[in-house]
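Quick notes on the structure that follows.
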Amino acid sequence: MRYLALVAVLSALCARPACAAGIEIRPTVTLVLQAQEPAPVLLIACNTANAPARETLSLSLPGGTVQPDSVSLEVAPKGWQLVAARVSLPEAADTGVLTARAGSATVRLPVMRGIDLTLLPWKRKLTDRNAPVDPQWASPDVDDRAWPDLQPPGLWEENDYAWCRVHVTLPEAWRGRRLRLLIGAVDDNDVTYLNGEEIGRTNGWDIRRDYPLPERLVRWGADNVLTVMVDNPNYGGGLYKGPLFIVVG
């Protein structure tokens, strides 16, 4: 079923109106995040013509590395070919641009150093909203292994306080660099903690969150507990909108 769903998504991407006849390159994401290891990236080569298309796809990231950096494309009429690569930023840089070229088609994709938190396991605990907010639920000393699982982004209907926690290791190599937590939106309000200490709060269901992670709170190369306390006073609410990233810079 997952394979069929992937095929449907890729076919839909290639079914979009074409800009010109021949091969087009379309990314499957709008941003590539690299933590410590080289980051995977998927591109789709779409043939919008009624005849087979052959071309060489070149991939480059100034100062960084791309493997492979060249791929031979042979795409059937009105068909597509999936291209997988791995990219690494230069050691001293936190951002870059991956360029993919095939014939007259060019795509540029931003690359950032960071972590996609939606790929990590989350836990959630509900507490009575008629009781005072208790920050103990954000403490790294709390054992959350028995809490129900959570897969953000997503919505729920409960109107209690929801303590949403994720464990993340922040690389020692990032020490001394600016770190930020980016959240697309929270419905309705949030108070956010790192290792039990508040790092930000926002009221408003449609407001992007951008919270600095104070270096004094970070446990470099070790387990860090990030907690987002979601206050949803009525109707549906939750960590409903990405991105949900920690980024460098």
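Take the convex hull of the alpha carbons in region 120-248; its mean projected area over all directions comes to 7.2 nm².
Protection proxy ranking for 144-150, 177-183, using the average of other Cβ atoms within 10 Å per residue and placing the highest first: 177-183, 144-150.
When the helices of the chain are scored as -39500 (n - 2.57) per DSSP H run of n ≥ 4 and the total is divided over every residue, the value at 222 nm lands at -1500 deg cm²/dmol.
Taking Cα atoms, how many degrees apart are the long axis of helix 2-14 and the longest axis of the chain, rounded to 10 and kept between 0 and 90? Here the helix axis deviates by roughly 60 degrees. Evaluated at q = 0.24 Å⁻¹, a Debye calculation over the C-alpha positions of region 137-183 (equal weights, vacuum) places log10 I(q)/I(0) at -1.13. Ranked by the mean number of other Cβ atoms within 10 Å per residue, highest first, peptides 217-225, 188-196 order as 188-196, 217-225. Taking each residue as 0.36 nm, the span from THR118 to GLU215 lengthens on full extension beyond its C-alpha to C-alpha distance by 32.7 nm. For region 120-248, the relative contact order is 35 percent, taking Cα pairs closer than 8 Å that sit 6 or more residues apart in sequence and dividing their mean separation by the residue count.
Assuming R0 = 35 Å, can you tell me the calculated FRET efficiency for the pair ASP223 and VAL97, based on Cβ-Cβ distance, to the nearest 0.05?
Working: r = 33 Å, r/R0 = 0.94.
For ASP223 and VAL97, the calculated efficiency is 0.60.
Using a cut-off of 12 Å between beta-carbons, work out the net charge of the residues near SER60 (Lys and Arg +1, Asp and Glu -1, SER60 not included). Present the calculation step by step, with values, prior to reporting the outcome.
Details: positive: ARG101, ARG108; negative: ASP69.
Taking every other residue near SER60 into account, the sum is +1.
Consider a paramagnetic label point 7 Å from the Cα of GLN36 along Cα→Cβ; state which residues of region 99-130 have an amide N under 15 Å from it. Under 15 Å, as judged by backbone N against the label point of GLN36, lie 114-116 of region 99-130. Distances over 33 Å make up what percent of all Cα-Cα pairs in the chain? When every Cα pair of the chain is considered, 33 percent fall beyond 33 Å. Rounded to two decimals, the Cα radius of gyration of region 11-113 over 2.2 N^0.38 Å is 1.08.
Laboratory data are not the source of any read-out in this text; all were calculated from the coordinates shown. A quick note: this is a predicted structure, and the numbers were derived from the prediction, not measured. Methodologically, a virtual Cβ is constructed for each residue, glycine included, from the backbone with ideal geometry; neighbour enumeration extends over all protein chains shown.
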